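The values are calculated or read from the model by the stated rules, or taken from the named source; none is laboratory data. Treat the numbers as computed from the prediction; the structure is a model and nothing was measured. So basically every Cβ, Gly included, is an ideal-geometry build from the backbone, and we count neighbours across all protein chains shown.
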Amino acid sequence: MKKIIFIISIVILFGLTFLLFFKNYAIPGTVIVLNGPSGSGKSSIQKEFQKLMMPNLWVKVGIDNLFDSVMPDITPENMHFWQSSNLIRWVEESKNKEDNKIITLFVGEQGEKVVYAMNSAIAAYVQNGCNVIVDYIAYDQKWLKDLEKKLHSFNTYYVAVEIPLEILEQREQARGTSPVGHARSHYFSAYGDKKYDLKVNSAENSAQEIAHQLKQLIEK
């Protein structure tokens, strides 16, 4: 009888411990990282994928809402400050040998802290059980390597969103949300030498079609 009481007590104690210390534990979610140049259609893919996966919730986050939107606005009045201080981020206009305009984003020391915080925030969403689809632009390959490090223990898929430069610049001019020449500044470097789980082409396929490709990828 004493042995039975002892076993029951251990079971009860274990159960109470589990409730106290693990009641807020969440099974980590899955994350899809869409990496590609500005204007390549990543945000449209995010929206279509969210609709496709309902009622299973996928959260869309990324470079716009976790990096750009949290920064002070750059205006003609404060442009000189950002350029001279190298603190946060600024843009610079130049031209290449073919006389194409290039609008380059530069990120200073404090701005890079925001980048790494963005990567940590993405990982935090996943750690807390959210499925996440990320709009990412690897302006610097060390940004992507930091993200990989923070997501290494989670179920993560890396997808390159590709598009011909000519079509990308036509989109850039038509939509007017970023200056013409910005996508060109990082078009040839954004993908790096990473091995991607999937490469999609947003010129050949619609956002809806690519969303279905992503669904097939994660359901293999």
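It is to be established whether one or more residues within the range 147-161 are surrounded by fewer than 20 Cβ atoms within 10 Å (Cβ to Cβ), among the aromatic types (Phe, Trp, Tyr) and at pLDDT 95 or above.
yes
Are any residues in the range 126-141 closer than 23 Å to residue 211 by Cα and buried (at least 19 other Cβ atoms within 10 Å of the Cβ), and if so, which ones?
Looking only at the range 126-141, we keep the residues that are closer than 23 Å to residue 211 by Cα, and these are 126, 129-138.
Residues satisfying the conditions are 126, 131, 132, 133, 134, 135, 136, 137, 138.
Go through the residues of the range 100-114 one by one and say whether even a single one is crowded, with 17+ Cβ neighbours inside 10 Å, at pLDDT below 95, under 17 Å from residue 62 (Cβ atoms) and in contact with a Ser or Thr (Cβ under 9 Å, 6 or more places away or on another chain).
The answer is yes, given that some residue of the range 100-114 is crowded, with 17+ Cβ neighbours inside 10 Å, at pLDDT below 95, under 17 Å from residue 62 (Cβ atoms) and in contact with a Ser or Thr (Cβ under 9 Å, 6 or more places away or on another chain).
Would you mind finding the one in 179, 164 that is under 30 Å from residue 214 (Cβ atoms), modelled with pLDDT of 95 or more and more than 20 Å from the chain's Cα centre (by Cα)? Please lay out each step first, then the result.
On the way: 179 fails: modelled with pLDDT of 95 or more.
Among 179, 164, only 164 is under 30 Å from residue 214 (Cβ atoms), modelled with pLDDT of 95 or more and more than 20 Å from the chain's Cα centre (by Cα).
Filter the range 23-57 for residues that are more than 26 Å from residue 167 (Cβ to Cβ) and crowded, with 21+ Cβ neighbours inside 10 Å and give the result. Show your work before the answer.
Kept after step one, since they are more than 26 Å from residue 167 (Cβ to Cβ), are these residues of the range 23-57: 23-31, 53-57.
Residue satisfying the conditions is 31 alone.
Only one residue in 149, 145, 199, 194 is out of contact with any Lys or Arg (no Cβ under 8 Å at 6 or more places or on another chain), in a loop (DSSP other than H, G, I, E, B) and charged (D, E, K, R), so which one is that? Give the steps one after another, and end with the answer.
On the way: 149 fails: in a loop (DSSP other than H, G, I, E, B); 145 fails: in a loop (DSSP other than H, G, I, E, B); 199 fails: in a loop (DSSP other than H, G, I, E, B).
Being out of contact with any Lys or Arg (no Cβ under 8 Å at 6 or more places or on another chain), in a loop (DSSP other than H, G, I, E, B) and charged (D, E, K, R) holds for just one of 149, 145, 199, 194, which is 194.
Being surrounded by 14 or more Cβ atoms within 10 Å (Cβ to Cβ) and either over 22 Å from residue 68 (Cα atoms) or hydroxyl-bearing (Ser, Thr, Tyr) (or both): is that true of residue 144 here? So that I can check it myself, show each step before the final result.
On the way: surrounded by 14 or more Cβ atoms within 10 Å (Cβ to Cβ): yes; either over 22 Å from residue 68 (Cα atoms) or hydroxyl-bearing (Ser, Thr, Tyr) (or both): no.
No.
Find all pairs meeting these conditions: Cβ atoms under 6 angstrom apart; at least six residues apart or on different chains; first residue within the range 98-120 and basic (Lys, Arg); second residue surrounded by 16 or more Cβ atoms within 10 Å (Cβ to Cβ).
Correct list of pairs: 101/181.
Just name the residue that is surrounded by the fewest Cβ atoms within 10 Å (Cβ to Cβ) out of those in the range 170-181 that are in a helix (DSSP H, G or I) and without any contact (Cβ under 8 Å) to a residue 24 or more places away in the chain.
Filtering the range 170-181 down to residues in a helix (DSSP H, G or I) leaves 170-175.
Going one step further and asking which of them are without any contact (Cβ under 8 Å) to a residue 24 or more places away in the chain, we end up with 170, 173-174.
Numbers: 170: 14, 173: 12, 174: 10.
The residue in question is 174.
Can you say whether residue 214 is more than 17 Å from residue 47 (Cα to Cα) and either of a type in the set (A, V, I, L, M) or buried (at least 21 other Cβ atoms within 10 Å of the Cβ) (or both), as far as the supplied structure shows? First the steps, then the outcome.
Working: more than 17 Å from residue 47 (Cα to Cα): no; either of a type in the set (A, V, I, L, M) or buried (at least 21 other Cβ atoms within 10 Å of the Cβ) (or both): yes.
Against the criterion (more than 17 Å from residue 47 (Cα to Cα) and either of a type in the set (A, V, I, L, M) or buried (at least 21 other Cβ atoms within 10 Å of the Cβ) (or both)), residue 214 does not qualify.
Between a first residue in the range 53-80 that is more than 19 Å from residue 41 (Cβ to Cβ) and a second residue that is modelled with pLDDT under 90 and charged (D, E, K, R), which pairs have beta carbons less than 8 Å apart while being 6 or more apart in sequence or on different chains?
Going by the 8 Å Cβ cut-off, the qualifying pairs are 71/89; 74/89.
Name the residue, out of 209, 204, that is without any contact (Cβ under 8 Å) to a residue 24 or more places away in the chain, of a type outside the set (Gly, Ala, Ser), part of a loop (DSSP other than H, G, I, E, B) and under 30 Å from residue 57 (Cα atoms).
On the way: 209 fails: part of a loop (DSSP other than H, G, I, E, B).
Among 209, 204, only 204 is without any contact (Cβ under 8 Å) to a residue 24 or more places away in the chain, of a type outside the set (Gly, Ala, Ser), part of a loop (DSSP other than H, G, I, E, B) and under 30 Å from residue 57 (Cα atoms).
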